[in-house]
């Protein structure tokens, strides 16, 4: 619950202005005489005041974390990055094998602002040089969606031509999608913890929460696009046209590029009319994909059926994005 305090401005020493801080706020943040405070001047003329380092329980948000080498190393690295740690130390008492070193380096490449700054026999130190306060969440989210739209268009073209090379390009591009998703989540978590405030428009906690949900839906679309690309890449010989009508599938699914753009635009603009229109369009696309699925004298293989499943799930994600902008259909 937001609380508002009224304080009078006083002149101190004839040159500086001061204001008394609420006592409860000082106690809540465990502040003492001499502690540093950060004052941010907002575009609307207001001031945002916070401790120099926001606290997470009794642990400082900028504190380092040490994670062990093991089968979950990649997941642990990403989790530490998303949690807001600025220094991540990977350690192993028995030395770090080359395979795990490659996991660290590959993962770090997908994390904006992260760099390996030191590497030894049994330790690798990763430093995150990312000022969340300088990043506009809406721009990161917009870029993430644009990348997914591009990949969706590419994979559908790969389906039409059954092009393994194009499918491989889609798979490689997904790293950029993940990078933007991880950046967005770290920035939003940083804001929620009070360590920074979002640049750009004045974003309420509810709006940031909605953006966080939409970011996950977009990332899910990207993952499903990659799964379709993997089917094509792992099956370089085109299927029998009589049992697998590629052109019809492409024609049925190609509107998903437009509806992905439209669903995201509806969310950004909070346009319920556009959202309802997109939901209706996606419903039509879903129907056409299902009709293509039933075409052919011989049923597609289990692997090819996966493509239909992923396309239908993309439809679901797009509806979920639009639903946030249109919670009450007319």
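The values are calculated or read from the model by the stated rules, or taken from the named source; none is laboratory data. Here the structure is a predicted model, which is why all the values come from computation and not from measurement. When we count neighbours, we look across all protein chains shown, and the Cβ atoms used for this are built from the backbone with ideal geometry, even at glycine.
Testing residue 117 on (1) at pLDDT below 95; (2) in the same structural domain as residue 239 (by TED's automatic domain parsing), one condition comes back false. Which one is that?
With respect to (1) at pLDDT below 95; (2) in the same structural domain as residue 239 (by TED's automatic domain parsing), residue 117 is out only on (2).
I want to confirm something. Restricting to region 133-162 and keeping residues that are over 21 Å from the mean Cα position of the chain (by Cα) and surrounded by fewer than 19 Cβ atoms within 10 Å (Cβ to Cβ), which single residue is modelled with the highest pLDDT?
Among those residues, the one meeting the criterion is 157.
Exactly one of these conditions fails for residue 18: (1) over 24 Å from residue 133 (Cα atoms); (2) exposed (fewer than 11 other Cβ atoms within 10 Å of the Cβ); (3) modelled with pLDDT of 75 or more. Give me its number.
Going through the list (1) over 24 Å from residue 133 (Cα atoms); (2) exposed (fewer than 11 other Cβ atoms within 10 Å of the Cβ); (3) modelled with pLDDT of 75 or more, residue 18 breaks only (2).
Given the criteria touching a strand residue (DSSP E or B) at 6+ places or on another chain (Cβ under 8 Å) and within 22 Å of residue 224 (Cα to Cα), does residue 111 qualify?
yes
Scan region 203-212 and tell me whether some residue there is over 24 Å from residue 306 (Cα atoms), touching a residue at least 12 places away in the same chain (Cβ under 8 Å) and not in a helix (DSSP H, G or I).
Yes, region 203-212 contains a residue that is over 24 Å from residue 306 (Cα atoms), touching a residue at least 12 places away in the same chain (Cβ under 8 Å) and not in a helix (DSSP H, G or I).
Only one residue in 226, 231, 221 is touching a helix residue (DSSP H, G or I) at 6+ places or on another chain (Cβ under 8 Å), at pLDDT 90 or above, more than 15 Å from residue 149 (Cβ to Cβ) and in the same structural domain as residue 140 (by TED's automatic domain parsing). Which one? Write out each step before concluding.
Working: 226 fails: more than 15 Å from residue 149 (Cβ to Cβ); 221 fails: more than 15 Å from residue 149 (Cβ to Cβ).
After ruling out the rest, the residue left standing is 231.
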